[in-house]
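Asks: Below is a structure I'd like to ask you about.
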Amino acid sequence: MIESKKISPCISICKTDPLTGYCYGCARTNEEKKIWKNEHTDEIWKEENLKNIMARMQGQQLETFKESYNYKKKTGISLIKKKLLENK
């Protein structure tokens, strides 16, 4: 079952690995990031992309992503943004 509106998988760790082209935080390519921002991208594509990016991750990266993404789905902000706001 697909949720009505998928939240972007960005968890505010926006650095791209120069070898793979994947973001260290969310494992998306720059092209995938653009597709997520496109208002015409459907939820089915987003659901499939979430599965694909999580398949790219393993170990600590996957666990960190899941924890921060689940927090973002509940609150609207990633754990890193929460920490930054607390430190202001």
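Asks: Which one of G21, G25 is in contact (Cβ under 8 Å) with a residue 40 or more places away in the chain and assigned to a loop (DSSP other than H, G, I, E, B)?
Replies: G25 is the lone residue from the list that is in contact (Cβ under 8 Å) with a residue 40 or more places away in the chain and assigned to a loop (DSSP other than H, G, I, E, B).
Asks: Name every residue in region 8-18 that is surrounded by fewer than 16 Cβ atoms within 10 Å (Cβ to Cβ) and either assigned to a helix (DSSP H, G or I) or at pLDDT 95 or above (or both), in order of residue number.
Replies: S8, K15, T16, D17, P18
Asks: Now for a different question. Test each condition in (1) within 21 Å of T75 (Cβ to Cβ); (2) in contact (Cβ under 8 Å) with a residue 24 or more places away in the chain for E63 and report the one that comes out false.
Replies: (2)
Residue-wise test of (1) open to solvent by 90 Å² or more (accessible area, probe 1.4 Å); (2) part of a helix (DSSP H, G or I); (3) acidic (D, E).
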{"site": "L50", "(1), (2), (3)": "no, yes, no"}
{"site": "L62", "(1), (2), (3)": "no, yes, no"}
{"site": "E67", "(1), (2), (3)": "yes, yes, yes"}
{"site": "N70", "(1), (2), (3)": "no, yes, no"}
{"site": "I80", "(1), (2), (3)": "no, yes, no"}
{"site": "L85", "(1), (2), (3)": "yes, yes, no"}
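Asks: Taking E32 as the residue in question, decide whether it is acidic (D, E) and outside any loop (DSSP other than H, G, I, E, B).
Replies: For E32, the condition - acidic (D, E) and outside any loop (DSSP other than H, G, I, E, B) - is met.
Asks: Still on this structure, please answer the following. Is it the case that L50 is over 26 Å from L84 (Cβ atoms), out of contact with any strand residue (DSSP E or B) (no Cβ under 9 Å at 6 or more places or on another chain) and modelled with pLDDT of 95 or more?
Replies: Numbers: over 26 Å from L84 (Cβ atoms): no; out of contact with any strand residue (DSSP E or B) (no Cβ under 9 Å at 6 or more places or on another chain): yes; modelled with pLDDT of 95 or more: yes.
Against the criterion (over 26 Å from L84 (Cβ atoms), out of contact with any strand residue (DSSP E or B) (no Cβ under 9 Å at 6 or more places or on another chain) and modelled with pLDDT of 95 or more), L50 does not qualify.
Asks: Please enumerate the residues belonging to region 32-48 that are open to solvent by less than 70 Å² (accessible area, probe 1.4 Å) and within 18 Å of T16 (Cβ to Cβ).
Replies: Passing the criteria: E32, K33, I35, W36.
The values are calculated or read from the model by the stated rules, or taken from the named source; none is laboratory data. These numbers come from a predicted model, not from an experiment. Ideal geometry is used to build each Cβ from the backbone, glycine not excepted, and the neighbour counts take in all protein chains shown. Surface areas here come from the heavy atoms of the whole protein model, side chains and all, with no ligands, DNA or RNA. Shrake-Rupley method; radii C 1.70, N 1.55, O 1.52, S 1.80 Å.
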